[in-house]
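Each remark here refers to the structure printed beneath this line.
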(Lines give C-alpha, C1' and ligand atoms only; values in the text may rest on other atoms or scores of the structure.)
Protein backbone atom coordinates (compact mmCIF):
# COMPACT_ATOMS: atom_id res chain seq x y z
CA UNK A 1 0.00 0.00 0.00
CA UNK A 2 1.44 3.34 -1.04
CA UNK A 3 -0.26 5.83 1.28
CA UNK A 4 -3.51 6.10 3.22
CA UNK A 5 -4.95 9.61 3.53
CA UNK A 6 -7.50 9.26 6.29
CA UNK A 7 -10.49 7.45 4.83
CA UNK A 8 -11.95 10.15 2.70
CA UNK A 9 -9.33 9.33 0.09
CA UNK A 10 -6.86 6.53 -0.31
CA UNK A 11 -4.55 5.06 -2.91
CA UNK A 12 -3.51 1.45 -3.32
CA UNK A 13 -3.33 -1.17 -6.04
CA UNK A 14 -6.07 -3.56 -7.08
CA UNK A 15 -3.96 -6.56 -6.07
CA UNK A 16 -3.28 -5.05 -2.61
CA UNK A 17 -6.83 -3.90 -1.82
CA UNK A 18 -8.16 -5.22 1.49
CA UNK A 19 -11.95 -5.32 1.32
CA UNK A 20 -12.31 -5.61 5.09
CA UNK A 21 -10.65 -2.20 5.50
CA UNK A 22 -13.09 0.07 7.40
CA UNK A 23 -13.81 3.47 5.85
CA UNK A 24 -13.32 5.49 9.02
CA UNK A 25 -9.94 4.37 10.40
CA UNK A 26 -6.80 6.37 9.58
CA UNK A 27 -3.36 4.80 9.78
CA UNK A 28 -1.90 5.00 13.26
CA UNK A 29 1.67 4.69 14.50
CA UNK A 30 3.30 4.48 17.92
CA UNK A 31 6.67 5.86 16.85
CA UNK A 32 7.83 8.91 18.83
CA UNK A 33 7.80 12.29 17.10
CA UNK A 34 11.60 12.62 17.02
CA UNK A 35 11.81 9.39 15.02
CA UNK A 36 9.00 10.37 12.68
CA UNK A 37 10.60 13.67 11.65
CA UNK A 38 12.64 11.92 8.95
CA UNK A 39 9.96 9.37 8.08
CA UNK A 40 7.95 9.89 4.85
CA UNK A 41 4.69 9.83 6.86
CA UNK A 42 5.93 12.34 9.46
CA UNK A 43 3.87 15.51 9.87
CA UNK A 44 5.73 18.70 9.02
CA UNK A 45 6.03 21.83 11.09
CA UNK A 46 3.51 24.53 10.24
CA UNK A 47 4.54 27.76 8.59
CA UNK A 48 3.73 30.74 10.77
CA UNK A 49 2.38 34.13 9.76
CA UNK A 50 5.20 36.17 8.28
CA UNK A 51 7.19 33.21 6.95
CA UNK A 52 8.82 34.16 3.64
CA UNK A 53 9.00 31.71 0.75
CA UNK A 54 12.01 32.98 -1.09
CA UNK A 55 11.94 36.73 -1.60
CA UNK A 56 8.42 36.81 -3.02
CA UNK A 57 5.66 35.06 -1.05
CA UNK A 58 4.76 36.04 2.53
CA UNK A 59 2.54 33.63 4.48
CA UNK A 60 -0.55 35.36 5.89
CA UNK A 61 -2.40 32.45 7.49
CA UNK A 62 -3.97 29.02 7.00
CA UNK A 63 -6.89 28.72 4.58
CA UNK A 64 -7.63 25.05 5.16
CA UNK A 65 -6.25 21.52 5.17
CA UNK A 66 -7.14 18.01 4.17
CA UNK A 67 -5.67 14.62 4.85
CA UNK A 68 -2.70 15.06 2.54
CA UNK A 69 -2.05 18.78 2.21
CA UNK A 70 -2.45 22.20 3.77
CA UNK A 71 -3.27 25.45 1.98
CA UNK A 72 -2.01 28.81 3.17
CA UNK A 73 -2.95 32.33 2.20
CA UNK A 74 0.05 34.17 0.84
CA UNK A 75 0.90 37.63 -0.45
CA UNK A 76 3.00 38.00 -3.58
CA UNK A 77 5.12 41.05 -2.76
CA UNK A 78 6.37 41.43 -6.33
CA UNK A 79 3.03 41.34 -8.15
CA UNK A 80 0.99 42.66 -5.22
CA UNK A 81 -1.66 39.94 -5.25
CA UNK A 82 -3.11 37.44 -2.79
CA UNK A 83 -2.39 33.80 -3.62
CA UNK A 84 -2.93 30.31 -2.26
CA UNK A 85 0.11 28.22 -1.30
CA UNK A 86 -0.36 24.45 -1.17
CA UNK A 87 2.10 22.17 0.64
CA UNK A 88 2.12 18.44 1.38
CA UNK A 89 1.66 17.51 5.02
CA UNK A 90 4.12 14.61 4.72
CA UNK A 91 7.02 13.77 2.41
CA UNK A 92 4.98 10.76 1.25
CA UNK A 93 2.73 13.09 -0.75
CA UNK A 94 5.34 15.42 -2.29
CA UNK A 95 5.23 13.58 -5.61
CA UNK A 96 1.43 14.02 -5.79
CA UNK A 97 1.79 17.76 -5.22
CA UNK A 98 4.36 18.18 -7.97
CA UNK A 99 2.24 16.07 -10.29
CA UNK A 100 -0.79 18.25 -9.57
CA UNK A 101 1.24 21.38 -10.36
CA UNK A 102 2.29 19.95 -13.72
CA UNK A 103 -1.28 18.92 -14.55
CA UNK A 104 -2.73 22.32 -13.67
CA UNK A 105 -0.06 24.05 -15.75
CA UNK A 106 -1.26 22.21 -18.87
CA UNK A 107 -4.92 23.18 -18.48
CA UNK A 108 -6.51 26.46 -19.41
CA UNK A 109 -10.13 26.49 -18.32
CA UNK A 110 -12.14 28.99 -16.29
CA UNK A 111 -13.30 26.23 -13.92
CA UNK A 112 -9.78 24.88 -13.26
CA UNK A 113 -7.63 26.73 -10.73
CA UNK A 114 -4.51 28.36 -12.18
CA UNK A 115 -1.02 27.48 -10.92
CA UNK A 116 1.50 30.34 -10.88
CA UNK A 117 4.73 28.70 -9.74
CA UNK A 118 6.36 25.97 -7.66
CA UNK A 119 9.25 26.19 -5.22
CA UNK A 120 10.90 24.72 -2.15
CA UNK A 121 11.25 26.03 1.38
CA UNK A 122 13.69 24.14 3.59
CA UNK A 123 13.50 21.19 1.22
CA UNK A 124 9.67 21.18 1.34
CA UNK A 125 8.03 21.66 -2.09
CA UNK A 126 5.07 24.02 -2.45
CA UNK A 127 2.76 25.25 -5.19
CA UNK A 128 1.57 28.83 -5.61
CA UNK A 129 -1.94 28.99 -7.04
CA UNK A 130 -4.83 31.29 -7.81
CA UNK A 131 -6.76 32.04 -4.62
CA UNK A 132 -10.40 31.13 -5.24
CA UNK A 133 -12.80 32.87 -2.86
CA UNK A 134 -15.96 30.89 -2.21
CA UNK A 135 -17.36 27.84 -0.47
CA UNK A 136 -17.16 24.16 -1.28
CA UNK A 137 -20.15 22.40 -2.79
CA UNK A 138 -20.15 20.24 0.34
CA UNK A 139 -20.59 23.35 2.52
CA UNK A 140 -23.27 24.70 0.21
CA UNK A 141 -25.26 21.46 0.38
CA UNK A 142 -24.93 21.38 4.18
CA UNK A 143 -26.17 24.97 4.48
CA UNK A 144 -29.09 24.29 2.16
CA UNK A 145 -30.11 21.16 4.05
CA UNK A 146 -29.67 23.01 7.34
CA UNK A 147 -32.34 25.47 6.19
CA UNK A 148 -34.60 22.54 5.25
CA UNK A 149 -34.23 23.59 1.62
CA UNK A 150 -33.25 21.66 -1.49
CA UNK A 151 -30.85 22.68 -4.23
CA UNK A 152 -33.00 23.70 -7.17
CA UNK A 153 -32.99 21.73 -10.40
CA UNK A 154 -31.77 24.83 -12.24
CA UNK A 155 -28.80 25.28 -9.94
CA UNK A 156 -27.99 21.57 -10.03
CA UNK A 157 -27.96 21.51 -13.84
CA UNK A 158 -25.83 24.66 -13.96
CA UNK A 159 -23.25 23.28 -11.50
CA UNK A 160 -23.14 19.90 -13.27
CA UNK A 161 -22.59 21.65 -16.62
CA UNK A 162 -19.71 23.68 -15.18
CA UNK A 163 -18.06 20.59 -13.71
CA UNK A 164 -18.55 18.62 -16.92
CA UNK A 165 -17.01 21.49 -18.88
CA UNK A 166 -13.95 21.46 -16.65
CA UNK A 167 -13.70 17.66 -16.88
CA UNK A 168 -13.87 17.96 -20.66
CA UNK A 169 -10.70 20.08 -20.55
CA UNK A 170 -9.05 17.54 -18.24
CA UNK A 171 -10.02 14.60 -20.45
CA UNK A 172 -8.95 16.38 -23.65
CA UNK A 173 -5.51 16.75 -22.12
CA UNK A 174 -5.39 12.94 -21.87
CA UNK A 175 -6.01 12.80 -18.11
CA UNK A 176 -8.75 11.79 -15.67
CA UNK A 177 -9.40 13.55 -12.34
CA UNK A 178 -10.25 10.48 -10.18
CA UNK A 179 -11.46 12.43 -7.14
CA UNK A 180 -14.63 14.30 -8.12
CA UNK A 181 -16.59 14.93 -4.92
CA UNK A 182 -18.31 17.91 -3.23
CA UNK A 183 -15.22 18.79 -1.17
CA UNK A 184 -13.25 19.27 -4.39
CA UNK A 185 -15.81 21.57 -6.01
CA UNK A 186 -15.75 25.26 -5.09
CA UNK A 187 -18.59 27.68 -5.81
CA UNK A 188 -16.58 30.84 -6.31
CA UNK A 189 -17.81 34.29 -5.36
CA UNK A 190 -17.30 35.45 -8.94
CA UNK A 191 -19.89 32.88 -10.12
CA UNK A 192 -17.50 30.22 -11.39
CA UNK A 193 -17.75 26.57 -10.38
CA UNK A 194 -14.19 25.33 -9.83
CA UNK A 195 -12.74 21.84 -9.63
CA UNK A 196 -9.73 21.38 -7.34
CA UNK A 197 -7.22 18.73 -6.39
CA UNK A 198 -5.79 17.07 -9.49
CA UNK A 199 -2.96 15.43 -7.53
CA UNK A 200 -4.10 11.89 -8.30
CA UNK A 201 -5.01 12.47 -11.95
CA UNK A 202 -3.88 9.75 -14.36
CA UNK A 203 -4.07 8.97 -18.07
CA UNK A 204 -7.75 8.97 -19.05
CA UNK A 205 -7.67 5.53 -20.68
CA UNK A 206 -5.06 3.92 -18.42
CA UNK A 207 -4.97 0.15 -18.42
CA UNK A 208 -2.26 -1.80 -16.67
CA UNK A 209 -1.91 -4.88 -14.50
CA UNK A 210 -2.29 -4.09 -10.79
CA UNK A 211 -2.73 -0.43 -11.66
CA UNK A 212 -2.78 2.15 -8.92
CA UNK A 213 -6.24 3.31 -7.93
CA UNK A 214 -7.16 6.23 -5.76
CA UNK A 215 -10.03 8.42 -4.69
CA UNK A 216 -12.71 8.82 -2.06
CA UNK A 217 -14.61 5.53 -1.53
CA UNK A 218 -18.16 6.92 -1.67
CA UNK A 219 -17.48 8.52 -5.08
CA UNK A 220 -15.19 5.90 -6.62
CA UNK A 221 -16.65 3.84 -9.48
CA UNK A 222 -17.32 0.12 -8.88
CA UNK A 223 -14.53 -1.01 -11.20
CA UNK A 224 -11.94 0.98 -9.24
CA UNK A 225 -12.39 -1.18 -6.13
CA UNK A 226 -13.24 -4.48 -7.83
CA UNK A 227 -10.15 -6.55 -8.74
CA UNK A 228 -12.31 -8.64 -11.09
CA UNK A 229 -12.75 -5.65 -13.38
CA UNK A 230 -11.17 -6.40 -16.76
CA UNK A 231 -10.64 -2.78 -17.79
CA UNK A 232 -10.49 0.41 -15.80
CA UNK A 233 -10.89 3.61 -17.82
CA UNK A 234 -10.48 6.43 -15.28
CA UNK A 235 -12.28 9.00 -17.49
CA UNK A 236 -15.40 6.81 -17.27
CA UNK A 237 -14.83 6.65 -13.52
CA UNK A 238 -15.05 10.46 -13.45
CA UNK A 239 -18.46 10.15 -15.09
CA UNK A 240 -19.62 7.76 -12.37
CA UNK A 241 -18.31 10.13 -9.66
CA UNK A 242 -20.18 13.01 -11.28
CA UNK A 243 -23.33 10.88 -11.16
CA UNK A 244 -22.87 10.28 -7.42
CA UNK A 245 -22.41 14.01 -6.89
CA UNK A 246 -25.53 14.82 -8.96
CA UNK A 247 -27.63 12.29 -7.04
CA UNK A 248 -26.41 13.74 -3.73
CA UNK A 249 -27.15 17.32 -4.79
CA UNK A 250 -30.76 16.50 -5.60
CA UNK A 251 -31.56 14.07 -2.78
CA UNK A 252 -29.24 15.12 0.04
CA UNK A 253 -27.83 11.60 0.37
CA UNK A 254 -25.48 9.18 -1.37
CA UNK A 255 -26.93 6.56 -3.74
CA UNK A 256 -25.41 3.82 -1.54
CA UNK A 257 -24.35 3.68 2.10
CA UNK A 258 -20.61 3.34 2.75
CA UNK A 259 -20.12 1.39 6.02
CA UNK A 260 -16.99 -0.29 4.55
CA UNK A 261 -15.39 -0.88 1.18
CA UNK A 262 -16.60 -4.46 0.98
CA UNK A 263 -20.18 -3.42 1.85
CA UNK A 264 -20.00 -0.59 -0.69
CA UNK A 265 -18.95 -2.97 -3.46
CA UNK A 266 -21.70 -5.43 -2.52
CA UNK A 267 -24.36 -2.72 -2.26
CA UNK A 268 -23.57 -1.35 -5.69
CA UNK A 269 -23.86 -4.80 -7.23
CA UNK A 270 -27.00 -5.95 -5.40
CA UNK A 271 -28.96 -2.97 -4.01
CA UNK A 272 -30.92 -0.85 -6.51
CA UNK A 273 -30.69 2.92 -6.20
CA UNK A 274 -33.77 4.65 -4.81
CA UNK A 275 -35.37 6.68 -7.62
CA UNK A 276 -34.75 10.42 -7.30
CA UNK A 277 -38.44 10.93 -8.10
CA UNK A 278 -39.23 9.12 -4.86
CA UNK A 279 -37.68 12.06 -3.00
CA UNK A 280 -38.50 14.93 -5.37
CA UNK A 281 -41.30 15.42 -7.88
CA UNK A 282 -39.74 18.45 -9.60
CA UNK A 283 -36.78 16.64 -11.17
CA UNK A 284 -37.29 16.15 -14.93
CA UNK A 285 -37.40 12.52 -16.04
CA UNK A 286 -34.59 13.05 -18.57
CA UNK A 287 -32.30 14.43 -15.85
CA UNK A 288 -32.99 11.46 -13.59
CA UNK A 289 -32.42 9.09 -16.52
CA UNK A 290 -29.04 10.74 -17.22
CA UNK A 291 -27.95 10.41 -13.59
CA UNK A 292 -29.03 6.76 -13.44
CA UNK A 293 -27.04 6.06 -16.60
CA UNK A 294 -23.96 7.79 -15.16
CA UNK A 295 -24.28 5.52 -12.11
CA UNK A 296 -24.29 2.32 -14.18
CA UNK A 297 -22.13 -0.43 -12.71
CA UNK A 298 -20.88 -1.32 -16.19
CA UNK A 299 -18.62 1.25 -17.82
CA UNK A 300 -20.09 0.46 -21.24
CA UNK A 301 -23.58 1.46 -20.04
CA UNK A 302 -22.49 4.96 -18.97
CA UNK A 303 -22.30 7.99 -21.25
CA UNK A 304 -18.96 7.53 -23.00
CA UNK A 305 -17.79 11.14 -22.74
CA UNK A 306 -18.44 14.27 -20.71
CA UNK A 307 -19.17 16.04 -24.00
CA UNK A 308 -22.18 13.74 -24.43
CA UNK A 309 -23.27 14.66 -20.89
CA UNK A 310 -22.88 18.37 -21.68
CA UNK A 311 -25.15 18.04 -24.71
CA UNK A 312 -27.83 16.29 -22.69
CA UNK A 313 -27.56 18.82 -19.85
CA UNK A 314 -27.99 21.65 -22.37
CA UNK A 315 -31.22 20.06 -23.61
CA UNK A 316 -32.39 19.54 -20.03
CA UNK A 317 -31.57 23.15 -19.12
CA UNK A 318 -33.61 24.43 -22.06
CA UNK A 319 -36.51 22.27 -20.91
CA UNK A 320 -36.17 23.47 -17.30
CA UNK A 321 -36.33 27.10 -18.40
CA UNK A 322 -39.48 26.49 -20.47
CA UNK A 323 -41.27 24.82 -17.56
CA UNK A 324 -43.28 27.14 -15.29
CA UNK A 325 -41.35 27.80 -12.11
CA UNK A 326 -43.37 27.22 -8.94
CA UNK A 327 -43.16 30.27 -6.68
CA UNK A 328 -43.43 29.38 -3.00
CA UNK A 329 -41.47 32.25 -1.43
CA UNK A 330 -41.24 35.93 -2.43
CA UNK A 331 -39.05 38.63 -0.88
CA UNK A 332 -39.89 42.31 -1.41
CA UNK A 333 -36.99 44.61 -0.53
CA UNK A 334 -37.86 48.31 -0.36
CA UNK A 335 -37.36 51.02 2.25
CA UNK A 336 -40.55 52.76 1.09
CA UNK A 337 -43.34 51.04 3.08
CA UNK A 338 -46.07 52.25 0.68
CA UNK A 339 -44.29 50.83 -2.39
CA UNK A 340 -43.58 47.56 -0.59
CA UNK A 341 -47.27 47.28 0.36
CA UNK A 342 -48.46 47.95 -3.22
CA UNK A 343 -46.08 45.32 -4.62
CA UNK A 344 -47.12 42.81 -1.97
CA UNK A 345 -50.81 43.26 -2.75
CA UNK A 346 -50.26 42.71 -6.47
CA UNK A 347 -48.05 39.68 -5.83
CA UNK A 348 -50.67 38.20 -3.51
CA UNK A 349 -53.26 38.27 -6.30
CA UNK A 350 -50.83 36.58 -8.70
CA UNK A 351 -49.40 34.03 -6.25
CA UNK A 352 -52.10 33.40 -3.64
CA UNK A 353 -50.32 30.46 -1.95
CA UNK A 354 -46.81 31.94 -1.81
CA UNK A 355 -45.20 33.26 1.36
CA UNK A 356 -44.44 36.97 0.92
CA UNK A 357 -41.81 38.59 3.11
CA UNK A 358 -40.81 42.26 3.25
CA UNK A 359 -37.39 43.70 4.12
CA UNK A 360 -36.85 47.43 4.51
CA UNK A 361 -33.10 47.48 3.79
CA UNK A 362 -30.27 45.39 2.37
CA UNK A 363 -29.12 44.00 5.71
CA UNK A 364 -32.60 42.69 6.53
CA UNK A 365 -32.84 41.20 3.05
CA UNK A 366 -29.54 39.33 3.45
CA UNK A 367 -30.69 37.95 6.79
CA UNK A 368 -33.99 36.85 5.21
CA UNK A 369 -32.22 35.06 2.32
CA UNK A 370 -29.82 33.35 4.71
CA UNK A 371 -32.80 32.13 6.71
CA UNK A 372 -34.61 30.87 3.60
CA UNK A 373 -33.83 31.48 -0.11
CA UNK A 374 -36.62 33.11 -2.12
CA UNK A 375 -37.91 32.02 -5.53
CA UNK A 376 -38.60 35.63 -6.50
CA UNK A 377 -36.95 38.83 -5.22
CA UNK A 378 -38.16 42.38 -5.94
CA UNK A 379 -35.20 44.56 -5.12
CA UNK A 380 -35.12 48.34 -4.61
CA UNK A 381 -31.81 49.71 -5.85
CA UNK A 382 -31.79 52.94 -3.80
CA UNK A 383 -31.84 52.16 -0.09
CA UNK A 384 -29.95 53.53 2.93
CA UNK A 385 -27.09 51.57 4.53
CA UNK A 386 -26.81 48.74 1.99
CA UNK A 387 -28.23 49.45 -1.47
CA UNK A 388 -29.89 46.86 -3.67
CA UNK A 389 -26.90 46.24 -5.95
CA UNK A 390 -24.47 45.81 -3.07
CA UNK A 391 -26.93 43.59 -1.22
CA UNK A 392 -27.40 41.32 -4.23
CA UNK A 393 -23.67 41.15 -4.88
CA UNK A 394 -23.15 39.95 -1.30
CA UNK A 395 -25.99 37.45 -1.65
CA UNK A 396 -24.39 36.01 -4.79
CA UNK A 397 -21.01 35.77 -3.08
CA UNK A 398 -22.60 33.85 -0.20
CA UNK A 399 -24.49 31.64 -2.70
CA UNK A 400 -27.86 32.39 -1.07
CA UNK A 401 -29.69 33.74 -4.12
CA UNK A 402 -28.59 31.38 -6.90
CA UNK A 403 -32.11 30.05 -7.50
CA UNK A 404 -33.89 33.40 -7.22
CA UNK A 405 -35.42 35.32 -10.10
CA UNK A 406 -34.69 38.99 -9.39
CA UNK A 407 -36.54 42.10 -10.55
CA UNK A 408 -34.94 45.45 -9.83
CA UNK A 409 -37.22 48.27 -8.68
CA UNK A 410 -35.93 51.83 -8.95
CA UNK A 411 -36.98 55.46 -9.17
CA UNK A 412 -34.42 55.91 -11.93
CA UNK A 413 -31.43 53.70 -12.74
CA UNK A 414 -28.23 55.29 -14.04
CA UNK A 415 -26.39 53.82 -17.02
CA UNK A 416 -23.69 52.46 -14.69
CA UNK A 417 -26.37 50.76 -12.56
CA UNK A 418 -27.86 49.07 -15.64
CA UNK A 419 -24.43 47.74 -16.64
CA UNK A 420 -23.81 46.35 -13.15
CA UNK A 421 -27.26 44.74 -13.14
CA UNK A 422 -26.44 42.96 -16.39
CA UNK A 423 -23.17 41.71 -14.93
CA UNK A 424 -25.20 40.28 -12.03
CA UNK A 425 -27.64 38.62 -14.49
CA UNK A 426 -30.50 40.94 -13.47
CA UNK A 427 -32.23 41.71 -16.76
CA UNK A 428 -35.57 43.06 -15.54
CA UNK A 429 -36.06 46.58 -14.17
CA UNK A 430 -39.27 48.28 -13.03
CA UNK A 431 -39.49 52.06 -12.72
CA UNK A 432 -41.53 53.29 -9.78
CA UNK A 433 -44.57 55.24 -10.90
CA UNK A 434 -47.94 54.91 -12.58
CA UNK A 435 -46.98 52.04 -14.88
CA UNK A 436 -45.25 49.97 -12.19
CA UNK A 437 -48.04 47.40 -11.82
CA UNK A 438 -48.40 46.80 -15.57
CA UNK A 439 -44.65 46.46 -15.99
CA UNK A 440 -44.45 43.94 -13.13
CA UNK A 441 -47.26 41.82 -14.59
CA UNK A 442 -45.54 41.82 -17.99
CA UNK A 443 -42.17 40.74 -16.56
CA UNK A 444 -43.73 37.96 -14.48
CA UNK A 445 -45.33 36.55 -17.64
CA UNK A 446 -41.93 36.63 -19.37
CA UNK A 447 -40.31 34.76 -16.46
CA UNK A 448 -42.89 31.96 -16.81
CA UNK A 449 -43.64 31.79 -13.08
CA UNK A 450 -46.50 29.86 -11.55
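Quick check on my filter: what residues within the range 93-122 are free of Cβ contacts under 8 Å to residues at least 60 places away in the same chain and in contact with a helix residue (DSSP H, G or I) (Cβ under 9 Å, 6 or more places away or on another chain)?
114, 115, 117, 118
Restricting the search to the range 76-100, which residues are at pLDDT 85 or above and either part of a strand (DSSP E or B) or under 16 Å from residue 175 (Cα atoms) (or both)?
Listed by number, the residues that qualify are 76, 81, 82, 83, 84, 85, 86, 87.
Go through (1) touching a strand residue (DSSP E or B) at 6+ places or on another chain (Cβ under 7 Å); (2) at pLDDT below 80; (3) surrounded by fewer than 21 Cβ atoms within 10 Å (Cβ to Cβ); (4) not in a loop (DSSP other than H, G, I, E, B) for residue 413 and report which single condition fails.
Unmet condition: (4).
Within the range 175-190, take every residue that is assigned to a loop (DSSP other than H, G, I, E, B) and within 11 Å of the chain's Cα centre (by Cα) and give me the one that is surrounded by the most Cβ atoms within 10 Å (Cβ to Cβ).
Per the criteria, the residue is 180.
Among (1) at pLDDT below 85; (2) more than 26 Å from the chain's Cα centre (by Cα), where does residue 369 come up short?
Here residue 369 meets the rest and fails (2).
Within the set of pairs 6 or more residues apart or between chains, which connect a residue that is assigned by TED's automatic domain parsing to the domain that holds residue 248 and buried (at least 18 other Cβ atoms within 10 Å of the Cβ) inside the range 141-153 to a residue that is modelled with pLDDT of 85 or more and part of a helix (DSSP H, G or I) with Cβ atoms less than 6 Å apart?
Here the result reads 151/249, each pair linking the range 141-153 to a residue that is modelled with pLDDT of 85 or more and part of a helix (DSSP H, G or I).
Could you figure out which of (1) touching a strand residue (DSSP E or B) at 6+ places or on another chain (Cβ under 6 Å); (2) assigned by TED's automatic domain parsing to the domain that holds residue 59; (3) buried (at least 21 other Cβ atoms within 10 Å of the Cβ) isn't true of residue 76?
Of the numbered conditions (1) touching a strand residue (DSSP E or B) at 6+ places or on another chain (Cβ under 6 Å); (2) assigned by TED's automatic domain parsing to the domain that holds residue 59; (3) buried (at least 21 other Cβ atoms within 10 Å of the Cβ), the odd one out for residue 76 is (3).
Which residues, taken from the range 108-129, are surrounded by fewer than 20 Cβ atoms within 10 Å (Cβ to Cβ) and either part of a loop (DSSP other than H, G, I, E, B) or in the same structural domain as residue 191 (by TED's automatic domain parsing) (or both)?
108, 109, 110, 114, 122, 123
Residue 351 is checked against (1) crowded, with 19+ Cβ neighbours inside 10 Å; (2) under 29 Å from the mean Cα position of the chain (by Cα); (3) modelled with pLDDT of 80 or more and fails just one. What number does that condition carry?
Among (1) crowded, with 19+ Cβ neighbours inside 10 Å; (2) under 29 Å from the mean Cα position of the chain (by Cα); (3) modelled with pLDDT of 80 or more, residue 351 violates only (2).
The values are calculated or read from the model by the stated rules, or taken from the named source; none is laboratory data. The shown structure was predicted, so the numbers you read here are calculated from the model rather than taken from an experiment. Every residue, glycine among them, receives a Cβ derived from its backbone with ideal geometry; neighbour counts consider all protein chains shown.
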